[in-house]
């Protein structure tokens, strides 16, 4: 191997080892109704983003939501758990990535209901209009992010 090739290889290896952990190294468990297709689409999008996703069919989602402290007014379609946080409903990928990057002292994120255009519900930025809420460990909520239609 020539010196130049060796040095280039060494630089690439050094940069790769200094990079932050990728999503693929993060395990995510998604609890969903066994018959729900939109939950499966959301889980598949997380898998495609590099998360190691385990999908668990749950007949009693209400019990799962209570277990993780999801307030009833924040309930969405499914509940996911990653790195000690819950993700309730159709949380967008950028909000999930921001949560895991910033690591705020909260219980998780919630997208109540099943908003049109959200990830798993068509993922259409031209119609998506919903809010992503942070949920504190005490159950209090505050706005984390807003998704509005892209009028491009």
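What follows is calculated from the coordinates using simple rules that are stated; it is not laboratory data. Computed from a prediction, not measured in an experiment: that's the story for all the values here. So basically every Cβ, Gly included, is an ideal-geometry build from the backbone, and we count neighbours across all protein chains shown.
The Cα atoms of the stretch 88-137 cover 32, 20, 14 Å along the three principal axes, with the biggest extent listed first. A Förster radius of 30 Å combined with the Cβ-Cβ distance from residue 124 to residue 36 puts the calculated FRET efficiency at roughly 0.95.
Calculate how many DSSP beta bridges within the stretch 21-147 are antiparallel, expressed in % of all such bridges and rounded to the nearest 5. Within the stretch 21-147, antiparallel bridges account for around 60 percent of the total.
Using the Cβ-Cβ distance between residue 116 and residue 48 with R0 set to 22 Å, the FRET efficiency works out to roughly 0.55.
Here is the size of the stretch 21-147 from its Cα atoms: Rg then Dmax, 13.1, 35 Å.
The orientation-averaged projection of the convex hull spanning the C-alpha atoms of the stretch 35-108 amounts to 4.9 square nanometres.
Between residue 97 and residue 67, the modelled labels are 3.0 nm apart [label points 7 Å from Cα along Cα→Cβ].
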